[in-house]
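The structure under discussion appears below in the form of structure tokens.
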């Protein structure tokens, strides 16, 4: 189960549904439709997930194998910006996620992403 939301402020917000992201995470969209020659927005969002079973962390339920003990409640926060001009969309996002399993080193998982999309 996943619950979250994103707050956006800027011009041309009806051009897309948010920045594209790797799943799981706050959803956005790869597709966009420019509604004006130049559009932009900044955003901030938060997301919480309740994970019942994670095949990547716990191995197959039908046979044994290496696994770790998952953390069932996982959260993340993201912030960034998007600019759309002349059929090109450039987005930047910075994401901070909580740990996904017990014993995970390094504390919070942090990463940035950039995306460039061109309409043709």
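Quick notes on this one:
- Selection within the stretch 9-22 - assigned to a loop (DSSP other than H, G, I, E, B) and modelled with pLDDT of 70 or more: 12, 16, 17, 18, 19
- Among the residues of the stretch 89-120, not one is within 30 Å of residue 38 (Cα to Cα) and in contact with a helix residue (DSSP H, G or I) (Cβ under 6 Å, 6 or more places away or on another chain).
- Of the residues 25, 106, the single one that is assigned to a loop (DSSP other than H, G, I, E, B), at pLDDT 75 or above and at positive phi is 106.
- Residue that is surrounded by the fewest Cβ atoms within 10 Å (Cβ to Cβ), among those in the stretch 93-107 that are without any contact (Cβ under 8 Å) to a residue 60 or more places away in the chain and more than 19 Å from residue 2 (Cα to Cα): 105
The values are calculated or read from the model by the stated rules, or taken from the named source; none is laboratory data. Here the structure is a predicted model, which means the values were calculated and not measured. Virtual Cβ from ideal backbone geometry, glycine too; neighbours counted across all protein chains shown.
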